[in-house]
Amino acid sequence: MSIKKTSVSLFLMLSAKIFCQQFSLKYCMEKAQQNNTAVKLAEQSLETRQKLLESSKNNGLPKLDLLAGYNYIGEPLRVNLQQVKDGIVEGSANQAVYSANTAYQQITGNPLSQQVQNVIYQTSKDIISAVYPDYNPEITKQSYFLAGLVVRQPIYLGGKLKSSRKLSEEQVKSSEANLQSSKDLTAYNITLQYLQVMYLNSMIDKQKSSLESLQKNEMYAGNLLKAEIIAPYQKNWADIARMQGETNLKNLTTEKENALFILKDMMGIPLDEPVEITEMLKESAEFPVFSSQSVNADVKFLQSKKAEAETGLDITKSLSRPNIFAIGNVQFFRKDLPVITPPWLVGIELQWTLFDPERRSRNLASQSLVKEADLLIEQKHKSVNLAAKIAENKMMSLKQQSETLDASRKQAYQTTVMVRKRMENSLSSVKDVNDVLQLQYETEKLYYTSLVAYQTALATYFYIIGKPENITTYIP
């Protein structure tokens with residue numbers, strides 16, 4: 001039965017080792033750049049800008065529209081015959097008199113008498129008035145449907161098309177810079193979290209060693225108590241120190257679990273996925289080769305934004321230039337129209353805004369935006385250079401600090417050995433050993449804190465100069 005239990009336990013341990021993946025810092029960075037939400041959002045933004053760029057490449061092609069509509073008017077269109085009735089009757093009567101007089105002169109050589117002309121005038125007027133319509137006839141239906149195709153081809157738009165395509169290109173470059181900035185920031189945050197896990201691994205290792213020493217000290221105190229060499233309260237000191245050591249170990253283990261949760265969230269993997277990182281901080285501080293050249297992604301992003309602003313200025317200026325289009329129209333439903341239009345037409349259309357009170361203000365605003373971008377770039381360059389110098393000085397300072405704290409912890413080791421020997425020779429108490437073990441742990445903690453601070457400064461330096469992935473050369 002005991003053998004079966006041992007086999008099951010061994011199988012579970014081996015399974016946990018197999019399925020629990022060991023993640024390096026480089027692998028964590030790559031995983032985050034594939035799954036991190038901020039990176040995915042930047043990638044989606046880039047894809048959007050690329051599609052808009054493809055769309056802008058076709059803005060010089062003709063536009064073909066189908067125009068169709070159904071119209072219903074309040075009443076049919078009519079010809080207002082009553083308004084012109086008097087003129088028509090009068091004109092027709094006078095024309096009849098003139099025709100009769102002309103014919104009579106040609107036959108007799110003499111004009112008609114005025115009396116006869118008056119009779120002809122009045123008779124014609126009466127007849128025409130009698131037959132003239134007393135209503136206004138309709139010339140269209142109340143409803144009609146029309147449809148046709150309209151084509152519009154840009155010929156000259158004052159540089160608007162070219163500037164529009166250039167703006168789309170600059171927006172793609174801005175999105176690329178934004179994506180790189182998101183990847184750099186994600187890699188930097190992953191590095192900081194990975195360093196936190198490495199720090200906790202180192203502290204857990206030291207706490208385990210400290211706990212072993214506290215347990216040995218507790219056992220030794222128990223033997224001394226049995227031999228009635230020490231008082232019971234000294235044994236109690238050893239018990240309390242051991243329990244504090246166990247509590248500290250549990251707290252560090254919990255902190256590591258939480259740090260791994262945060263790391264997995266950054267990488268975009270499920271929180272319940274088994275992940276283990278056993279790397280500990282290297283007990284050395286290596287200086288990188290400092291570079292005077294920076295490829296900071298934020299600077300590139302601002303430079304692309306400046307290019308966008310310059311293109312926006314070109315577009316604003318182009319608004320004052322005329323637009324020329326070739327147009328064409330084909331009507332294929334027009335029978336019911338009030339006026340029958342030609343079946344097709346072609347022509348040239350000119351559009352030119354001659355007066356726009358806002359134009360000057362827009363030009364000045366666009367120029368101001370370019371100057372603003374210049375100032376932001378200059379400011380970012382200065383802040384990047386300043387941050388790089390500060391990071392360099394921090395690394396130098398922290399390297400010296402870690403060397404000092406390394407000497408201090410080694411001295412604490414020697415002191416622990418000496419106090420333990422003195423206790424074995426009844427020259428020091430159990431509490432003295434507990435105190436010196438606590439002091440030894442605190443010096444270890446200070447030392448590893450300085451190491452993680454140095455590694456953080458190193459990661460910050462690489463992030464500032466735009467090469468956050470270089471940290472993997474110094475961290476496995």
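The values are calculated or read from the model by the stated rules, or taken from the named source; none is laboratory data. Every value quoted in this text rests on a predicted model; they were computed, and no experiment measured them. For neighbour counting, all protein chains shown are included, and Cβ atoms are generated from backbone atoms with ideal geometry for every residue, glycine included. To get the accessible areas, we keep the full protein, side chains included, count just its heavy atoms, and leave off ligands, DNA and RNA. Shrake-Rupley method; radii C 1.70, N 1.55, O 1.52, S 1.80 Å.
Couple of notes before you dig in:
- Taking a straight Cα-Cα cut-off under 17 Å and skipping sequence neighbours fewer than 8 places away in the same chain, the aspartates and glutamates within cross-link reach of residue 226 are 218, 239, 424.
- The phi-based Karplus calculation (6.51 cos²θ - 1.76 cosθ + 1.60; θ = phi - 60°) puts the 3J(HN,Hα) values of the range 251-267 at 5, 5, 5, 5, 4, 5, 4, 5, 5, 5, 4, 5, 5, 5, 5, 5, 7 Hz, whole numbers, x for Gly and Pro.
- Under the Karplus curve 6.51 cos²θ - 1.76 cosθ + 1.60, θ = phi - 60°, whole-Hz ³J(HN,Hα) for the range 323-332, x wherever Gly or Pro sits: 10, 10, 10, 8, 10, x, 9, 10, 9, 10
- Residue 400 paired with residue 104, simple spin-label distance in nm, labels 7 Å along Cα-to-beta-carbon: 13.6
- One entry in [x] 173, 61, 36; [y] 60, 59, 48; [z] 74, 73, 51 is Cα extents along the principal axes in Å calculated from the shown coordinates; its label is [x].
- Residue 152 exposes around 90 Å² of accessible area when a 1.4 Å probe is run over every protein chain in place.
- Tilt relative to the chain, helix 85-108 - C-alpha long axis, 0 to 90 degrees, to 10: 40
- Here the chain has 57 percent of its accessible surface on carbon and sulfur atoms, given a 1.4 Å probe and all protein chains in place.
- Here r is the Cβ-Cβ distance between residue 326 and residue 355 and R0 is 25 Å; the resulting FRET efficiency, rounded to 0.05, is 0.45.
- Label-point separation, residue 383 to residue 227 (7 Å along Cα→Cβ), nm: 6.7
- Residues of type aspartates and glutamates that residue 57 reaches as a straight line, Cα spacing below 12 Å, ignoring anything fewer than 8 places off in the same chain: 169
- Probe 1.4 Å, all protein chains present, accessible-area order of 198, 243, largest first: 243, 198
- For the range 442-455, 3J(HN,Hα) per residue [Karplus equation, 6.51 cos²θ - 1.76 cosθ + 1.60, θ = phi - 60°, Hz, x = Gly/Pro]: 5, 5, 4, 4, 5, 5, 6, 5, 5, 5, 5, 5, 5, 5
- Degrees separating the helix 160-226 axis from the principal Cα axis of the chain, which is the longest one: 20
- Cα gyration tensor shape for the range 102-260, rounded if a/c is under 1.5, else prolate or oblate: prolate
- Averaged per residue, the chain has 61 square angstrom of accessible surface, using a 1.4 angstrom probe with ligands and nucleic acids left out.
- Compared with the alpha-carbon gap, the fully stretched path from residue 123 to residue 70 is longer by 14.2 nm at 0.36 nm per residue.
- Counting only residues at least eight positions apart within a chain, or on another chain, the aspartates and glutamates with an alpha carbon under 14 Å from that of residue 250 are 205.
- Computed helical MRE - 222 nm, the chain, DSSP H runs ≥ 4 contributing -39500 (n - 2.57), nearest 500: -24000 deg cm²/dmol
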